[in-house]
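First comes the structure, then the notes that go with it.
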Amino acid sequence: MPFATVGDLDIAYDIDGPDDAPAVLMINGLGADHSGWFLQAPVISQEFRTVTFDNRDVGLTGPGANPRTYGIPQFADDAAGLLDHLGIARAHIVGASMGGAIAQEFALSHPERTLSATIVCSWARTDPWLAELFGDWERIFAAQGQRAFARTSWLWVFTHRFYNAPGNLDTLIAGLDANPRPQTAEEFIRQSQAAISHDVLARLPEIACPVNIIAGEEDLLTPLRFSKEMAAAMPDARFTVMPEVGHGMFWETVDQFNEHVLSFLRSVA
């Protein structure tokens with residue numbers, strides 16, 4: 001993977017698609033690197049210039065030269081710096097889970113650079129329930145390590161249908177074991193604390209670009225109430241609830257999810 005020097009980071013990224021096509025920046029969530037988009041990026045890059053990357057404190061980007069406490073705005077500024085490095089003035093922003101929180105902050109902090117925002121299985125304000133869940137994950141990661149945390153978190157991300165399909169769990173474990181740079185507990189906790197601090201609900205009406213909200217009907221991690229709350233704050237947003245799917249909709253119902261994203265991007269491109 002190539003790297004872009006942005007502040008104290010060397011951000012690992014991939015870019016694909018037609019050089020003259022509109023850019024789509026895809027942002028992953030808590031503890032996840034760019035590889036989580038492997039079922040989306042090849043499809044979207046047939047029509048758009050697609051950028052995937054590893055956030056601060058995960059994957060090959062890592063903690064940078066100055067590990068420290070930060071919030072969601074730091075993630076958004078890192079993403080803007082990556083676009084600067086690539087010479088991309090404006091982009092469609094697609095974010096899942098914590099990546100959706102980053103997409104919200106990007107649209108608020110860098111409105112002139114945001115062509116649209118697609119917010120997937122995310123939330124606008126961390127409530128006490130979600131903060132307790134993330135805190136519990138921090139304790140599991142610190143006490144038992146990444147593997148135990150991952151297997152716990154997958155139960156919140158995927159529905160029983162995903163586990164019933166032969167090979168899915170084995171694929172997840174194989175991917176975990178093949179990770180060239182596993183996330184450390186310190187890195188995970190910094191990301192988690194940033195996620196816990198997220199609160200832009202009152203500012204959502206300030207987002208001026210087209211917005212696409214996608215939620216899973218059976219999402220346990222970020223229940224449907226969070227997406228409904230965002231949709232109520234942005235009544236002009238497109239709002240889609242995908243049936244019989246949870247937080248990991250982009251792995252469980254790949255074709256349907258990809259079409260929801262692409263149809264919106266086409267409509268605003």
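Values quoted throughout were computed directly from the atomic coordinates according to the rules given, and no laboratory measurement underlies them. Just so it is clear, the structure is predicted and the values come from calculations on it, not from any experiment. As a convention, Cβ positions derive from the backbone with ideal geometry for all residues, glycine included, and neighbour counts pool all protein chains shown.
Across q = 0.15, 0.18, 0.24, 0.27 Å⁻¹, the range 8-72 modelled as identical point scatterers on its alpha-carbon atoms has Debye log10 I(q)/I(0) values of -0.49, -0.66, -0.96, -1.09, in the order of the q list. Mean sequence separation of contacting Cα pairs (under 8 Å, at least six apart), scaled by the length of the range 153-269, corresponds to a relative contact order of 30 percent. Extending 7 Å from the Cα toward the beta-carbon at both ALA165 and GLU132 defines two label points whose distance is 3.3 nm. When both the range 58-113 and the range 131-152 are represented by their alpha-carbon centers, they are found 24 Å apart. Compactness ratio of the range 1-44: Cα Rg over 2.2 N^0.38 Å, N = residue count? That works out to 1.26 for the range 1-44. Using a Gaussian network model of the chain in which every pair of alpha carbons under 10 angstrom is joined by a spring, one finds that among HIS34, HIS198, HIS85 the greatest mean-square fluctuation is at HIS85. Based on C-alpha pairs under 8 angstrom that are at least 6 apart in sequence, the chain has a relative contact order of 20 percent.
Among 151-163, 95-107, sorting by the average number of other beta carbon atoms lying within 10 angstrom of each residue, highest first, gives 95-107, 151-163.
The distance between label points at LYS228 and ARG125 comes to 1.6 nm (points 7 Å beyond Cα on the Cα→Cβ vector). The largest-to-smallest principal axis extents of the Cα set in the chain are 44, 42, 37 Å. If the segment from ASN66 to THR5 were pulled out straight at 0.36 nm per residue, it would be longer than the present Cα-Cα gap by 20.6 nm.
What fraction, in whole percent, of alpha-carbon pairs in the range 123-253 exceed 23 Å separation? It works out to 43 percent of all Cα pairs. Placing pseudo-labels 7 Å out from each Cα toward the beta carbon at TRP156 and ASP84 gives an inter-label distance of 3.3 nm. Computed from the Cβ-Cβ distance with R0 of 25 Å, the FRET efficiency linking ARG147 to ASN258 stands at 0.25.
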